[in-house]
Amino acid sequence: MKTIASCVSELLVSQPFLEEALARNIINYSALAEELVPSVSDMLKKPVKSGAIMMALRRYSPPQNLTNSVKLKKVLEGLGDITVRSNLTDFTFQNSKTLIHSHSRILEHVGLNSSIFYAFTRGIHESNIIISSSEASNVVEYFSEEQQIGMVDQLSAISISLPQDNSRVTGLYYQIFKRLAWEGISLYEVVSTTNEFTVLIEDHLIDKAFSVIKRLKG
């Protein structure tokens, strides 16, 4: 059975910026309660008073990762090199039994030139290739027998070296995504390995995105 508290919690979780503002005590409880009245009333199928919602807001306990823990702060300050690569193209292909053969052909070609940017991700139904735009024609050739779903160029990538124990730090990726979203920067693609994190962004947003990520280090 839904309660006012569970409805408030559900609404806050769906709006992380609002949840964080609440966790930092920089929001007007009374005004927020009034704002949530229609939504909570809708969820409970009955009228709800703002006072009851305000009480639920004051009792709400946000996830621990929303607070600026000392460990998270140290990890952000310890972020490694930030590398920017431009002139990239992103291809999307339908997965098939022959896709791996096409992939091996482009890999063999890319392996001869370390200056070429290349990233490959395979999902359940489709696969993506991010590659230097100078090699786009080779991708088209090597994957000519595959079903191409999409292709976008004029992209850039920002790669960040992460500390060795980054996988044990709660909220690290949240901080990166949050700050980019706060600045209105949309991500075209995200690629990560154990200790490296790469975001693919449209060319016209790259300077702004680089500035945001650089400020993460404090």
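The values are calculated or read from the model by the stated rules, or taken from the named source; none is laboratory data. Bear in mind the structure is a predicted one, so any value in this text is a computation, not a measurement. Because the Cβ atoms are built from the backbone with ideal geometry, glycine has one as well, and the counts that use them run over all protein chains shown.
Go through the range 21-86 and tell me which helices (runs of 4 or more DSSP H), entirely inside it, have 3 or more residues that are closer than 15 Å to residue 9 by Cα and modelled with pLDDT of 75 or more.
29-44, 50-59
Being under 27 Å from residue 179 (Cα atoms) and without any contact (Cβ under 8 Å) to a residue 12 or more places away in the chain is the filter here, so list the residues in the range 25-54 that pass it.
25, 26, 27, 28, 31, 35
Test each condition in (1) more than 30 Å from residue 25 (Cβ to Cβ); (2) of a type in the set (Val, Ile, Thr); (3) more than 19 Å from the chain's Cα centre (by Cα) for residue 53 and report the one that comes out false.
Tallying (1) more than 30 Å from residue 25 (Cβ to Cβ); (2) of a type in the set (Val, Ile, Thr); (3) more than 19 Å from the chain's Cα centre (by Cα), residue 53 fails exactly one: (1).
Quick check on the range 3-12. Is at least one of its residues surrounded by 13 or more Cβ atoms within 10 Å (Cβ to Cβ) and under 18 Å from residue 171 (Cβ atoms)?
Yes; the residues of the range 3-12 include at least one that is surrounded by 13 or more Cβ atoms within 10 Å (Cβ to Cβ) and under 18 Å from residue 171 (Cβ atoms).
What are the residues in the range 133-170 that are surrounded by 19 or more Cβ atoms within 10 Å (Cβ to Cβ) and touching a Lys or Arg at 6+ places or on another chain (Cβ under 9 Å), if any?
142, 143, 156, 157, 158, 159
State yes or no: is residue 106 surrounded by 17 or more Cβ atoms within 10 Å (Cβ to Cβ), outside any strand (DSSP E or B), modelled with pLDDT of 90 or more and over 19 Å from the mean Cα position of the chain (by Cα)? Outline the logic, then answer.
Numbers: surrounded by 17 or more Cβ atoms within 10 Å (Cβ to Cβ): yes; outside any strand (DSSP E or B): yes; modelled with pLDDT of 90 or more: yes; over 19 Å from the mean Cα position of the chain (by Cα): yes.
Taking the combined requirement at face value, the residue satisfies it.
Tell me, yes or no, whether the range 44-60 has at least one residue that is surrounded by 14 or more Cβ atoms within 10 Å (Cβ to Cβ) and either on the phi > 0 side of the Ramachandran plot or basic (Lys, Arg) (or both).
no
When the residues of the range 192-218 are filtered to those that are surrounded by 15 or more Cβ atoms within 10 Å (Cβ to Cβ) and of a type in the set (S, T, N, Q), which remaining residue is modelled with the lowest pLDDT?
At the first step, the residues of the range 192-218 found to be surrounded by 15 or more Cβ atoms within 10 Å (Cβ to Cβ) are 192, 196-202, 205-206, 209-210, 212-213, 216.
The next check asks that each one be of a type in the set (S, T, N, Q); those that pass are 192, 198.
Details: 192: 89, 198: 94.
Filtering first and then ranking leaves 192.
Taking the condition surrounded by 13 or more Cβ atoms within 10 Å (Cβ to Cβ) and of a type outside the set (Asp, Glu), does residue 95 pass?
Criteria met by residue 95.
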